[in-house]
Every structure is written in structure tokens, then in C-alpha cells.
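The values are calculated or read from the model by the stated rules, or taken from the named source; none is laboratory data. Please read these numbers as outputs of a predicted model, since none were measured by experiment. Note that we place each Cβ from the backbone using ideal geometry, even for glycine, and neighbour counts take in every protein chain shown. Just so you know, the surface numbers come from the protein's heavy atoms only, side chains and all, with ligands and any DNA or RNA stripped out. Shrake-Rupley method; radii C 1.70, N 1.55, O 1.52, S 1.80 Å.
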Amino acid sequence: MIQELTRLPGVGPKTAQRLAFFLLAQPIADVQSLAEALLRARQNTRQCGVCCNLTEEDPCPLCSDSRRDRDAICVVERPADVQAVERTRDFHGRYHVLHGVISPLEGVGPEDIRLAELLRRLGEGTCREVIVATNPSVEGEATAMYIARLVKPLGIRVTRLASGLPAGGDLEYADQVTLSRALQGRREL
Amino acid sequence: MIGPPSCAPWDTATPEAKGETPLPTYNQEAVVLRTRDLGEADRLVTLFTRERGKVNGVARGARRAASRLAGSLQPLSHIRCQLARARTLDIITQVELIESFPSVRGDLTLVTYANHFLELVDVVAPEREAGDLFPLLLGGLHLLAAGVDPGLVSRAFELRLLAAAGFGPALRDCARCGRPVEERGDLSFSPGEGGVLCGECDGGALLRRSVLAALIYLQEADLRQIGRLAVDERDRGEMEGLLRAHLTYHLDRPLRSLAFLDTLRRGER
């Protein structure tokens, strides 16, 4: 069991040992429900046929929710990013999960991420804006630019999340790149 | 002794004050070659330093949103940094950004060329050893940023990098017989033989004289002057093809950025 647990991200041999002893001390019913939950989640989770997010139902609840706008798609790198944007409660459109970013140095090309699926969705014609919410890293930016190249010719608006100072942050401690981006992206008061 | 526990956030005492020996630090000027996630919130950064060649360093907490290191430790950034020598991997403690090449980052084609440079340096640069590649890499990135024809910058960069790594193609003398190739029949180029072959030592792919002249210019001229070279599309394509063959033959690995460049070009057509 300790060996299996060490395979989890961020779990070293000592943590694995602690977790293992904790589990051994639990009532059998609790351990069983945990084991079943793990198994059920793994077996029933697949990618949504529309947005490629991880889901137990296909299409996923977000895609089948008729109250959500059909004219905006927010493109993110990973399923966890959908949760992050959802927490803001400011976006009411739909999502598309790429499951990665284009990274020439790592050998990840456009065909290795869910871009073809995005283009197919856009071909349906209901979407008027694609919001690219990939990370503000070199790979994330490259992916954003690549998406813009593909999508703009379709006559669809492509926007990119702004980047700048973190809320509640301190100007003095902001790094140069972030601060200069914040200056470039300043807005009228 | 009464005091806050040492892990508390208000513990700002220096290692000296706590009676620990501080880690020895050193400063380096570097270009960030690549980064990889490490552990929960750290990042492993491969730096190409002016004085010590390739150095791996850990940027602690660089994946957290509030990290002061993250912004400057992106691939391509030209930085000045302080590293602390640790047992296995050195720790990046401070970073000052010199140049982030925003005009290169903001253009998908240019950033791919820049990635190509980083990839090549990563392959040939030795670890912890100074070389003459650092000025070449910086020079190449600045030329891309200045809007000089990226194809020409790339060829000049490849030729010079190959030369620095000891794989530079022979261009003036025949790679097999060693005699000057001037006026000696139809020339050819063979990566395996190590460059140009004269008419009598035939073997490789046919090489036109205009292509050879352009290659010699790109290898020998001042890097700042290479944008002045006028080359037609055909010569340009041939130069790219034979240098790519030469790179793949001698570095013995696929060049990923060039493959991505091909993808971009297919998309443009």
C-alpha cells in the first residue's frame, strides 16, 4: 500500500507511510467507501463529447445546461481551470478543455491537444467569441496565438484573459514582467 | 529560550542569526532555456549562464500566483540571478530581468525560432562550463527582436553553433580531399562527410554556388550585418534543407521546434 501511495503527486515515502497507517486504523466501512469512490470515479469519468472536460455524464452538466450562453467559449488548459473560472461566477458561457498546451520544446504539437474538437464546435456557428484562458506562460501564450490564427479567419472574436497585478497585492513586490504587462493593459478610470 | 517557532511566518531572522551557516551564493547572468514543474509548487529551471554554461536551479514556490520569481523565469528571459549552492540542486534566490523579448514572445513564428535557438543550445552546451555560445544566443535573440529576417538569423545561428560545438560544416575546402572548392566543378553537400564536396569528390546532394556563397556569408559575416544578405526563395529553401540535414545528422535527434515551424507554415498556406 505504501508503494502505491508514493505514486501520488506530492507524496513521498514518509507521507505515504503516514497515510497508510491512518487508513489501517480506520473502520473497514470507511476504507471500503473510499476505495469504491476511487474506483467509481475512475471507471465512470470520461471526456465530455462537446467540451472535453472530465465528466461522469456525456455531455457534461455544463454543456447540457440550457441557461448557459452559447455565444462564448472559454478555452482552458486543464479540467481544474474550469473549476477556477467557475468559482469567479462571472462567466456564463461554455468551456473547452485542451488537455495541454502547445510546447515545441516538449514535442507537444497542435495535434496532441483538443484543438480539432474546438474547431469542430466553432464550425456549428453558434459561438461569437472565444476567450483564451491558457496560462500566461510561454507555452500558454504560444497556444493562445495559435488558436487566434485558426479562429479569427472564421469571423469569430478571439480574446485573451488580461494579466496584471494580483488583487490585494503589493506594487513594490510585483515582478517586472507582471508590472509592465499591467501598465500596458491599464484602463481608463 | 523564548521565541516563535522557527517555521512561523513572522520568523525573519537570517540563517546567521539562528546560528545556521548560510548557503554560499553566486551571481550569474543567464538566459532561461526551459523550465519543468518540480514537487508541489516549485520549478526546476535550466539556465544557460554566461560564465558556467548550463546550470539547473530550483525556483522555490515559483508556481504560486504570488511568486516574484515566476515572471522572470520563463524560457527566453535574459536575467541576472543569484543562486545558492545546495547539496544537490542549487536554489535560485533572486532574479532581476534584463530583457524579456516581448516582441519575440508576441509573435508565434518568432517565438518558435527563438525556441529553436534554445533547443539547440540545450543540446550542445556543456554543463557548468563557459563557452562562446552565450554571446551567440543573446545576439540571435536580439536580432529576432529587432525584426531581422528570422530565416537568415536562424541559418547564421545554426552555422555558428555547429562550429562552436565542433560540427561546423566545411564550406571553403572540400570535406573529403581538403582542397579549396573554388572553381572545381559541380559541388555537393554531405552531412556525413562534414560539409561541401568538390567536383572530383562527388557524393552528396547537389549544392549550387549561390547557396554556398550565402552560407559562407552567414557563417563569417558580422552577425549584425546578416540581414543585408539578399537570397531568393529557392536558395533559402536549399540552405534550410541542408543545414537541417547537417544538424540532424550530427546532433542525432529530431529538432522539435523546426517540426513545429513546419506545422505553422502548413497552416499559412
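Give me the dipole magnitude in Debye, nearest 20, for the stretch B:103-268 about the Cα centre, with unit charges on the beta carbon: positive for Lys and Arg, negative for Asp and Glu.
Details: 19 positive and 25 negative charges, 39 e Å.
Computed about the Cα centre, the dipole is about 180 debye.
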Please give the charge dipole size of the stretch A:2-44, origin at the Cα centre, charges +1 on K and R Cβ atoms and -1 on D and E Cβ atoms. Round to the nearest 20 debye. 160
In whole Å, largest first, the alpha carbons of the protein assembly as shown cover along the principal axes 87, 67, 56
Provide Rg and Dmax in Å for the stretch A:1-45, with only Cα atoms included in the calculation. 11.5, 31
Could you tell me the calculated FRET efficiency between B:Ala41 and B:Glu200, based on Cβ-Cβ distance and R0 = 51 angstrom, to the nearest 0.05? 0.20
Give me a single rounded figure for A:102-109: the average over its residues of other chain Cβ atoms within 10 Å of their Cβ. 6
Hey, got the Cα dimensions of chain A along the principal axes, in Å, largest first? 59, 47, 36
Would you calculate, for chain A, the mean residue ellipticity at 222 nm contributed by helices, counting each DSSP H stretch of 4 or more residues as -39,500 (n - 2.57) and dividing by all residues, to the nearest 500? -12500 deg cm²/dmol
What is chain A's relative contact order, in percent, from Cα pairs under 8 angstrom and six or more apart in sequence? 14
Evaluate the stretch B:25-100: find the radius of gyration of its Cα atoms, find its Kirkwood radius, and give the ratio Rg to Rh. 0.92
Filtering GluC sites (Glu not before Pro) in the stretch B:24-89 by DSSP loop and by at most 16 other Cβ atoms within 10 Å leaves B:Glu40, B:Glu51
Which of A:Gln3, A:Ala29, A:Gln43 sits farthest toward the positive end of the charge dipole of the stretch A:2-44, with +1 on the Cβ of Lys and Arg and -1 on the Cβ of Asp and Glu? A:Gln3
Find the accessible area per residue for chain B; the probe is 1.4 Å, ligands and nucleic acids are left out, and the unit is Å². 49
Please compute how much accessible surface disappears when B pairs with A, both sides summed, using a 1.4 Å probe, and round it to the nearest 100 Å². 2000
Mind checking the angle between helix B:233-251 and chain B's longest principal axis? C-alpha axes, 0 to 90 degrees, to the nearest 10. 60
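For a quick protection proxy, order the peptides B:57-70, A:10-23, B:201-214 by their average other-Cβ count within 10 Å, most packed first. Kindly include the intermediate steps, with their values, before the conclusion.
On the way: B:57-70: 18.3, A:10-23: 12.9, B:201-214: 16.4.
The most tightly packed comes first, giving B:57-70, B:201-214, A:10-23.
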With viscosity set to 0.692 mPa s and temperature to 37 °C, compute the Stokes-Einstein D of the stretch B:187-269, Rh being the Kirkwood radius across alpha carbon pairs; µm²/s, no decimals. 231
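Can you tell me, using C-alpha contacts under 8 Å and at least 6 residues apart, the relative contact order of the stretch A:46-110 as a whole percent? The partial results should precede the final answer.
Details: 86 pairs, mean separation 20.1, N = 65.
It comes to 31 percent, rounded to a whole number.
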What angle, in degrees between 0 and 90 and rounded to the nearest 10, separates the Cα long axis of helix A:28-44 from the longest principal axis of the Cα atoms of chain A? 40
Just going by the charge dipole of the protein assembly as shown, with Lys and Arg at +1 and Asp and Glu at -1 on Cβ, which of A:Thr55, B:Leu258, A:Leu122 is farthest out on the positive end? A:Thr55
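From Cα pairs below 8 angstrom and at least 6 apart in sequence, can you work out the relative contact order of chain B, rounded to a whole percent?
On the way: 447 pairs, mean separation 35.8, N = 269.
Across chain B, relative contact order equals 13 percent.
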So if I average 1/r over every pair of distinct C-alpha atoms in the stretch A:69-160 and take the inverse, what Kirkwood radius in Å does that give? 13.2
Roughly how many Å is it from the Cα centre of the stretch A:68-107 to that of the stretch B:225-260, as a whole number? 37
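With the full set of protein chains in place, find how many percent of the accessible area of the stretch B:25-100 is carbon and sulfur; take the probe as 1.4 Å. All intermediate terms of the calculation are to be shown ahead of the outcome.
On the way: 1380 of 3470 Å².
The C+S portion of the solvent-accessible surface of the stretch B:25-100 is 40 percent.
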Roughly how tilted is helix A:13-24, in degrees to the nearest 10 and between 0 and 90, from the longest Cα axis of chain A? 60
Between A:Asp170, A:Asp90, A:Asp58, where does the largest GNM mean-square fluctuation fall for chain A, given springs only between Cα atoms within less than 10 Å? A:Asp170
Would you look at the GNM of chain A, springs on alpha carbons closer than 10 Å, and say which of A:Arg42, A:Arg78, A:Arg160 moves the most? A:Arg42
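Counting only other chains, what is the mean number of Cβ atoms within 10 angstrom of the Cβ of each residue in peptide A:140-148?
3
Sorted by accessible area (1.4 Å probe), largest first, how do B:Asp235, B:Asp149, B:Asp186 line up?
Values: B:Asp235 15, B:Asp149 50, B:Asp186 120 Å².
Per-residue accessible area, sorted high to low, gives B:Asp186, B:Asp149, B:Asp235.
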Using a/c under 1.5 as the rounded threshold, could you call the stretch B:228-269 rounded, prolate or oblate? The axes a ≥ b ≥ c are square roots of the C-alpha gyration tensor eigenvalues, and prolate needs a/b larger than b/c, oblate otherwise. oblate
Note: chain B at 4 °C, 1.567 mPa s; Kirkwood Rh on alpha carbon pairs; Stokes-Einstein D in µm²/s works out to 62
Computed [θ] at 222 nm, deg cm²/dmol, chain B (DSSP H ≥ 4; -39,500 (n - 2.57); rounded to nearest 500): -11000 deg cm²/dmol
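So, with +1 on the Cβ of K and R and -1 on the Cβ of D and E, and no other charges, what is the size of the charge dipole of the stretch B:35-112 about its Cα centre, to the nearest 20 debye? Walk me through the numbers before you get to the answer.
Details: 13 positive and 8 negative charges, 49 e Å.
About 240 debye.
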Sorted by chain and then number, the residues having a modelled amide H within less than 5 Å of the amide H of A:Cys60, at least 5 places away or on another chain, are A:Gly49, A:Val50, A:Cys51
Ordering A:Leu98, B:Leu229 by how much accessible area each has at a 1.4 Å probe, largest first, what is the list? B:Leu229, A:Leu98
